[in-house]
2 protein chains.
Amino acid sequence: MTDVTGLTVGVLGGTGPQGKGLALRWAKAGIKVIIGSRSAERAEAAATELGDGVTGADNTTTAAAADVVLVAVPWEGHGDLLASLREQLRGKIVIDCVNPLGFDKQGPFALPVEEGSAAQQAEQLLPESRVTAAFHHVSAVHLADLSIAEMDTDVLVLGDDREATDLVRGLADAIPGMRGVYGGRLRNAHQVEAFTANLIAINRRYKAHAGIRVTDV
Amino acid sequence: MTDVTGLTVGVLGGTGPQGKGLALRWAKAGIKVIIGSRSAERAEAAATELGDGVTGADNTTTAAAADVVLVAVPWEGHGDLLASLREQLRGKIVIDCVNPLGFDKQGPFALPVEEGSAAQQAEQLLPESRVTAAFHHVSAVHLADLSIAEMDTDVLVLGDDREATDLVRGLADAIPGMRGVYGGRLRNAHQVEAFTANLIAINRRYKAHAGIRVTDV
């Protein structure tokens, strides 16, 4: 398995629940983390709250300083942010965990995405980066709750670059209870993103924070 | 959990690997099964092979005789077959397990479906039936291999009719090791069908017959 100690992970949108939760767990695992946000002040406040050596900066500074970047911003701001960070993200492994979802009276549903998926939009906007997709299905509530020592979930890692998906799998494996599993090429990211709508429906029905495990692997 | 003993399950496309495998496991669980096929002779031959009281008939006779119908035909014939069975399927619970997939040099990928998903196409063609979607991710290889006593997989059951999804969950629970889990409304079926492309990619990478489990439920 790829060694991920020594990496610096930047989390764009790191003040939101998913990014902040993963930042917390990586920091606890001894990985250096920079929280990124539109506001450097909010990023610094979140970093101080997390402790464990986490630092905070605006998204641009975070993207420039990190070795690997997790994109955990709301779908609404996804395209504009990534288009603005093309230089800072050149040559880097980018992990997209964004789920383009809508909600109405009947609950969650997947939004259509012109490029096919958030991850494929990232790939188009960042042609010189190594774009992967992962961490869509991890419960932010469980990530934030340190009384849960083991996360009990697999993380599907998608991408067309074997070295990149192996490294991202290593970042999943670094969190206790989590396991990174290769999940297919980036063109198959849509259904992984959209499946988050099903998990939300499951959570509502069962009053749970569902994740998935892949069997026979 | 809904009692499913006493039901007769018809399997349209029951001579294909997915339908035949589920027919085998239901028959072993004491549920009456009719294998349907375009050719009554092929259906009867498959039924004789399976034993355990399974019978075979053409798809139309099967749809008319069964209480609950599993649609396990190739995607290419899905729409035409269901359009022809509207009368026979009136008022019945229909379980769609069809995955509209394509394959090229880069492996499997999800096909676009005008109605959103195979299950939603079924719903449009069968407005007087109770359409659900389930059993997409169950390995046909494992189903056929009776040395595997426990299937070790959850079955996501989607649909807008609670009584129908509960009954289909019961049909999953009837197979040892399998568990039926409510997976959302029918409008969220596309990603569940399409996710089969990811499982095939996983199977190729890991030389496995992957399934999924939902955690925290």
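Per-structure values
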| quantity | calculated |
| --- | --- |
| Scan of region A:191-217 for residues that are in a helix (DSSP H, G or I) and either more than 7 Å from chain B (Cβ to nearest Cβ) or open to solvent by 50 Å² or more (accessible area, probe 1.4 Å) (or both), ordered by number | A:GLU193, A:THR196, A:LEU199, A:ILE200, A:ASN203, A:ARG204, A:ARG205, A:TYR206 |
| Conditions (1) open to solvent by 20 Å² or more (accessible area, probe 1.4 Å); (2) in a helix (DSSP H, G or I); (3) more than 17 Å from B:GLY19 (Cβ to Cβ); number of the one not met by B:VAL141 | (3) |
| Boolean, A:THR15 is of a type in the set (Ser, Thr, Tyr), crowded, with 21+ Cβ neighbours inside 10 Å and touching a residue at least 24 places away in the same chain (Cβ under 8 Å) | yes |
| Selection count, region A:78-128, where residues are in contact (Cβ under 8 Å) with a residue 40 or more places away in the chain, in a loop (DSSP other than H, G, I, E, B) and touching a Gly at 6+ places or on another chain (Cβ under 7 Å) | 1 |
| Which listed residue is open to solvent by less than 50 Å² (accessible area, probe 1.4 Å) and either over 20 Å from A:LEU158 (Cβ atoms) or in contact with a Lys or Arg (Cβ under 6 Å, 6 or more places away or on another chain) (or both), from A:VAL71, A:VAL54, A:VAL4, A:VAL94 | A:VAL54 |
| Residue list for region B:164-186, filter: within 10 Å of another protein chain (Cβ to nearest Cβ) and either in a loop (DSSP other than H, G, I, E, B) or open to solvent by less than 10 Å² (accessible area, probe 1.4 Å) (or both) | B:THR165, B:GLY177, B:VAL181, B:GLY183, B:GLY184, B:ARG185 |
| Of all residues making up region B:23-42, the number that are more than 15 Å from B:ILE93 (Cβ to Cβ) and assigned to a helix (DSSP H, G or I) | 8 |
| Counted residues, region B:97-130 - those being within 21 Å of B:GLY21 (Cβ to Cβ) and either within 12 Å of chain A (Cβ to nearest Cβ) or not small (Gly, Ala, Ser) (or both) | 7 |
| Any hit, region B:64-74, residues being assigned to a helix (DSSP H, G or I) and modelled with pLDDT of 95 or more | yes |
| Checklist (1) part of a loop (DSSP other than H, G, I, E, B); (2) closer than 21 Å to B:HIS137 by Cβ; (3) among the hydroxyl-bearing types (Ser, Thr, Tyr) applied to A:SER147, failing item | (2) |
| Residue among A:GLN88, A:GLN106 that is under 21 Å from A:VAL73 (Cα atoms) and either surrounded by fewer than 23 Cβ atoms within 10 Å (Cβ to Cβ) or in contact with a helix residue (DSSP H, G or I) (Cβ under 8 Å, 6 or more places away or on another chain) (or both) | A:GLN88 |
| Hey, B:ASP152 at positive phi and either among the acidic types (Asp, Glu) or open to solvent by 50 Å² or more (accessible area, probe 1.4 Å) (or both) or not | yes |
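The values are calculated or read from the model by the stated rules, or taken from the named source; none is laboratory data. Remember, predicted model here, so these are calculated numbers, not experimental data. Quick reminder, even Gly has a Cβ in these numbers, built from the backbone with ideal geometry, and neighbours come from all protein chains shown. When the accessible area is computed, the model is the full protein with side chains, heavy atoms only, and any ligands, DNA or RNA have been set aside. Shrake-Rupley method; radii C 1.70, N 1.55, O 1.52, S 1.80 Å.
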